[in-house]
There are 2 protein chains.
Amino acid sequence: MNLDDMAARLAELGHPTRLQILKHLMKAGYSGTPVGDIQAALDVPGSTLSHHLSRMMKVGLIRQERESRTLYCFSNYDAINEVINYLMDECCVNDERCG
Amino acid sequence: MNLDDMAARLAELGHPTRLQILKHLMKAGYSGTPVGDIQAALDVPGSTLSHHLSRMMKVGLIRQERESRTLYCFSNYDAINEVINYLMDECCVNDERCG
DNA sequence: AAATTATTTCTAGAAATATAGAATTAACAG
DNA sequence: CTGTTAATTCTATATTTCTAGAAATAATTT
């Protein structure tokens, strides 16, 4: 995963509503959360929510699964771990002061 | 640290040039890097770089220390750890399926 | 087939961000 | 005080993103 893709993911995390969405889905874990429940929890217009979800989908931060009329959302733990690892790896590799 | 501040930090990380800056500073560790060296490494106009650095400063992602004419930049490890911890904590707390 | 529920796409205006040249400030050297 | 190096601020333009109402689609129920 390259720098541009990482930046894209971080940019999507960098919006209050989307960060709230992610936290909600992180807490929900593998049970997931219907779009409608997210909307109720965050009190945001459907069209706005849909816009944010679509952006998060595009960079792989979340995943969706339809079950009849209800669309369940899940946070993508792998994607989030990739971001975290990317931030931390190579820490201090060019620092002569560090062992 | 609240959600809006976290989102602000993540948004600053979510730009290719700024993410590159951060990676550069992460690698440099406690030795830091002069603004001019960053500019040379990333090949970006001074005014553009300055704009990005100022944004990163504002949310506490980096720190600067002047030494005569040279301005050294450092990544703020605490700030980055706060972001990482924020993303991970409360994971699955509402998931009945998880122990 | 009509109605209902769940969600998305379309649309458009407002706001924020990105970019980089030119002018400016800061710190020092001669 | 003039010149030089290091970096920022000013300015303007281009681009992207945000927001939410209205219209449309999807899946189901009656």
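Treating each Cα of chain B as an identical point scatterer and summing with the Debye formula, the log10 of I(q)/I(0) at q = 0.12 Å⁻¹ comes to -0.43. Once the C-beta distance of B:T17 and B:E96 is scaled by a Förster radius of 45 Å, the resulting FRET efficiency is 0.55 to the nearest 0.05. Comparing the full protein assembly with the isolated chain (1.4 Å probe, heavy atoms, ligands and nucleic acids excluded), the residues of the range B:1-19 losing at least 10 square angstrom of accessible area are B:L3, B:D4, B:A7, B:L10, B:A11, B:L13, B:G14, B:P16, B:L19. What you get for the protein assembly as shown, charging only the Cβ of Lys and Arg (+1) and of Asp and Glu (-1), is a dipole of about 440 debye around the Cα centre. Taking the accessible area of chain B, probe 1.4 Å, and keeping the other protein chains in place, the carbon and sulfur fraction comes to 44%. What the range B:1-92 shows is 48 Å² of accessible area per residue, with the surface traced by a 1.4 Å probe over protein heavy atoms.
For the pair A and B, the buried accessible area comes to roughly 3100 Å² in total, with a 1.4 Å probe and the value rounded to the nearest 100.
Determine, from the Cβ-Cβ distance of A:S68 and A:L42 and an R0 of 22 Å, the FRET efficiency 1/(1 + (r/R0)^6), rounded to the nearest 0.05. Don't skip to the answer; put the middle values down first.
On the way: r = 23 Å, r/R0 = 1.04.
Plugging the Cβ-Cβ distance into 1/(1 + (r/R0)^6) gives 0.45.
With all pairs of separate Cα atoms included, the protein assembly as shown yields a Kirkwood hydrodynamic radius of 17.9 Å. Angle of helix A:16-28 to the longest C-alpha principal axis of chain A, folded into 0 to 90 degrees and rounded to 10: 80°. The long axis of helix B:3-13 is offset from the longest Cα principal axis of chain B by roughly 50 degrees. Close amide H contacts of A:L71 (hydrogens built in the peptide plane, cut-off under 5 Å, sequence separation of 5 or more or a different chain): A:V35, A:G36.
Note that the range B:58-63 has calculated 3J(HN,Hα) couplings of 4, 9, x, 6, 10, 9 Hz, one per residue in order, obtained from phi through the Karplus relation 6.51 cos²θ - 1.76 cosθ + 1.60 (θ = phi - 60°); glycine and proline are x. Test of the criteria: in chain A, which GluC sites (Glu not before Pro) are in a DSSP loop and have at most 14 other Cβ atoms within 10 angstrom of their Cβ? Filter output for chain A: A:E90, A:E96. Put simply, what bits of the range A:59-99 lose 30 Å² or more of accessible area when the other protein chains are there, versus the chain on its own (1.4 Å probe)? Flagged in the range A:59-99: A:I84, A:Y86, A:L87, A:M88, A:E90, A:C91, A:C92, A:N94, A:D95, A:R97.
The values are calculated or read from the model by the stated rules, or taken from the named source; none is laboratory data. Note that the coordinates shown come from a computational prediction; the quantities given were computed from them, not determined experimentally. In this analysis, Cβ positions are derived from the backbone assuming ideal geometry, glycine residues included, and neighbour counts consider all displayed protein chains. For the accessible areas, the whole protein counts, side chains as well, though only heavy atoms, and no ligand, DNA or RNA atoms are used. Shrake-Rupley method; radii C 1.70, N 1.55, O 1.52, S 1.80 Å.
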